[in-house]
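Laboratory data are not the source of any read-out in this text; all were calculated from the coordinates shown. On a predicted model such as this, the values are computed, not experimentally measured, just so you know. Methodologically, a virtual Cβ is constructed for each residue, glycine included, from the backbone with ideal geometry; neighbour enumeration extends over all protein chains shown.
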Amino acid sequence: MAAKAGRPGEGLESRVEGFNERARVAVKDERLRSAVAVHSKNTIRNRNAALSALPDAPELRERAYRIKQETMANLDRHLERMASAVEKRGGKVFFANDGEEAVRYIGELARRRGAKLITKSKSMATEEIELNRRLQEEYPELGLEIVETDLGEWIAQLAGEPPSHIVAPILHMSRHRAAEVLSEEAGHPLPPNVEDLVYFARERLRQKFLSADIGITGANFGVAETGTVVTATNEGNEGLVASVPSVHVAVMGIEKVVPRLEDLAVFLRLLARSATGQKMTVYTDFVSGPKGEDEPDGPEEFHLVLLDNGRSSLLGGEFEEALYCIRCGACLNVCPVYRQTGGHAYGSTYSGPIGAVITPLLKGDEEAKDLPHASSLCGACWEACPVGIPLHELLLRLRRRQAETGISGRAQRLAFDAFEFGMRRPGLYGIGAKAARGVQGPLLRDGVARSLPGPLKGWAESREIPHLAEKSFRELWREGRIWWRGGKNS
Amino acid sequence: MALFVPCFVDLIRPEVGVATVRVLRSLGVEVVYPEGQTCCGQPAFNSGFFDEARGVARRFLDVFEREDFDYVVCPSGSCSTMVSRYYPLLFEETPEERGRAEALGGRVREFSDFLANVIGMEDPGASYSGRAVFHAGCHQRRELGVLEEPRRILRGVSGLELLDWEDEELCCGFGGTFSVKMPEVSAAMADQKIRALEKSGADTLISCDPSCLLHLEGRLRRTGHDTRVLHLAQVLDPGRGEV
Ligand code: SF4
């Protein structure tokens, strides 16, 4: 069964089968496609301008790749270093093997603190493990209220929809739809203009910020050397989530660690430029633990949850590069498939090329079967990626894994076996070509094929089918017919 | 040099192969067509069927590895990429074959690359009357980095006006079996190119990738456009209009 786009709380933990069906619907949604097109166009333009103003962008990209490569080679050591630096400052570190463990840790923490209200800032890792839904479902007795405070995330949460873009969560929503969602929350109609909506959100969220018991944030980077959790945002809500409540929990994928502060400088320079075309995000927050004795504000408790959830299984293997991602979203913006379908078609927390790569890696091939094929292998993602991840090559490797484990299916296997058999034998190839020319006759109408059987049916429905030429090149060559007036015969 | 005519050009658009030969010969290049050739194996490779692709690729190596072929020229950016960029990945586990693939890959040249960078063609000596846009196949653009060469050649064709067009770096949506597996998304991608083409005011679409052309032409005709669709070799062909 295909999972439906827009189901509340749908994330990496739920099923993602059915890209094809959802994409088929999405490509007919003109409004969605034009929203995505406008966003991509603006973002790509800004990004290109920001990067070309940075003369060492290509070198930075190479450095970023190398830093990631070195970090992954010794990931356990860097994580240990990070953990001990955090602990030295009085923070607690929890290593969660999977979403389940992360949810339990945070749930128990909420129970111990008698928490009622949790504020959150944007975090893909918690989307990935569906933290909100699972905390509420698995700890009903706590009666937790969990509020997203990034404007887009909050609107998505109110609408019961997952984010559809790593950086721009409600890219799929029109201003009118967003106004509708917020009007419902307000209990009175709000005009669909950005200022009024932001004003309303600010008022409403302010109360939440002030009364929250726990604040949960994500992490863009974790610096091992100093034990610092770094977040880059544009709304300033992250600072309030991390410092006002008496408990701060940062959830960080284990791959986000960078060894030294100087490495951080490389990634921070690339991240905002690639994501939105800004030189820097408006806010870059550094958190290294609970508040010290002489510090006026900050949380009493600080917890760092290091989330594995399948990541460590990629270390040292042919898919390791997938862990280099810094979630800038540039590959989504340039991806022609994403641009036609939007993020919900992918049915997973992570969409676009990086989603097509990591979803099967984290969830398994069977469930995310379609995703490695949701690409024309055009390579635009690889070209755009600030860390130089060869996304199209990883997609090819995933396709190979499907073929080798039989997930691609028997029909394809037979077809490509036949393909190999024929193409290795030029004689057979020639005979096959003649035979095909014979059978195409009945399929042609006025010299044009109107329909094709089997797997080619969909192709034939949307375009005119080219038909086989009367004589192949090989025949023309053999017959010496490649000449022109005044030119040389073969 | 040896000519590699990809299977679908051989069977569906032989005129592209014919034009390629005529252009090369008119420039004094000696063209050899090894008749044992079939396909580079790309359809299987792109679908993940590496074993099957390897079988076909081995045959390709056997046919084209001959010492006396200083270059292997191919009128398809995508198939050239398959050999020069992807064979090493295909044979990554067998170093001996990988070495052979790399050696041959270094001699494979996409048609416009060969014209511009190997024989250093200055004046294409061709004429064409029309307003055209050029579509660079994605492999040609990103893997081979051969983008300015065909445009420079086209700018030298008398009577041909080369226009800029919107989103020209976007994939046309063919992607081999991608267009079979996801025909609706693929058609939507083609439509975006077609809208940009309409907006540019061009009457001709030119590319060095016959597969992109077949796909876009199929969609253009289905949506009622009579845009001329040509491979670069056909524009340069000294015998255009003759068999
Ligand atoms: S794969 Fe690269 S481009 Fe895509 S989100 Fe990650 S870092 Fe950005």
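Determine the sum of side-chain charges near B:Ser112: Lys and Arg each +1, Asp and Glu each -1, restricted to other residues whose C-beta is under 10 angstrom from that of B:Ser112.
-1
Find the centroid of the Cα atoms in the stretch A:319-388 and in the stretch A:99-131, then give the distance between the two in whole Å.
Distance between centres, Cα-based: 26 Å.
Please state, as a whole number in µm²/s, the translational diffusion coefficient that the Stokes-Einstein equation yields for the stretch A:161-303 at 25 °C and 0.890 mPa s, with Rh defined as the Kirkwood radius across alpha carbon pairs.
D, rounded to a whole number, is 144 µm²/s.
What is the antiparallel percent of DSSP beta bridges lying wholly in the protein assembly as shown, to the nearest 5?
Here the share of antiparallel DSSP bridges comes out near 20 percent.
With +1 assigned to the C-beta of every Lys and Arg and -1 to the C-beta of every Asp and Glu, and no other charges, what is the dipole magnitude of the stretch B:1-117 about the Cα centre in debye, to the nearest 20?
Its charge dipole is roughly 320 debye.
Nearest 500 deg cm²/dmol is fine: what mean residue ellipticity at 222 nm does chain A get from its DSSP H runs of n ≥ 4 alone, each adding -39,500 (n - 2.57), divided by its residue count?
For chain A, the value works out to -14500 deg cm²/dmol.
For A:Glu145 and A:Ser211, calculate 0.36 nm times their separation in residues minus their Cα-Cα distance, and state this gained length in nm to one decimal.
22.6 nm
Full-extension gain between B:Glu102 and B:Lys199, please, as 0.36 nm times their residue separation minus the C-alpha to C-alpha distance.
Once the chain is fully extended between B:Glu102 and B:Lys199, it gains 30.7 nm.
Give me the net charge for the shell around A:Ser34: Cβ to Cβ below 11 angstrom, other residues only, Lys and Arg +1, Asp and Glu -1.
Spelling it out: positives minus negatives among the neighbours equals +2.
So, with +1 on the Cβ of K and R and -1 on the Cβ of D and E, and no other charges, what is the size of the charge dipole of the stretch A:118-190 about its Cα centre, to the nearest 20 debye?
Its charge dipole is roughly 280 debye.
Taking a quarter of the surface of the Cα convex hull of the stretch A:26-173, what do you get in nm²?
The directionally averaged projection comes out at 12.6 nm².
Where does the Debye-calculated log10 I(q)/I(0) of chain A sit at q = 0.07, 0.12, 0.13, 0.14 Å⁻¹, using only Cα point scatterers of equal weight, no solvent?
-0.44, -1.09, -1.26, -1.44
What percent of all Cα-Cα pairs in the stretch A:287-367 falls into each 10 Å bin, going from 0 up to the bin containing the maximum distance?
15, 34, 23, 18, 10, 1
Cβ under 13 Å from A:Tyr283's Cβ, A:Tyr283 left aside: what net charge do those residues give with Lys, Arg +1 and Asp, Glu -1?
Every neighbour counted, the sum reads -3.
What lysines could a cross-link reach from A:Lys92, if we take a straight Cα to Cα line under 27 Å and drop same-chain neighbours fewer than 8 places away?
Hits, sequence-local ones excluded: A:Lys68, A:Lys116, A:Lys120, A:Lys122, A:Lys208, A:Lys256, A:Lys291.
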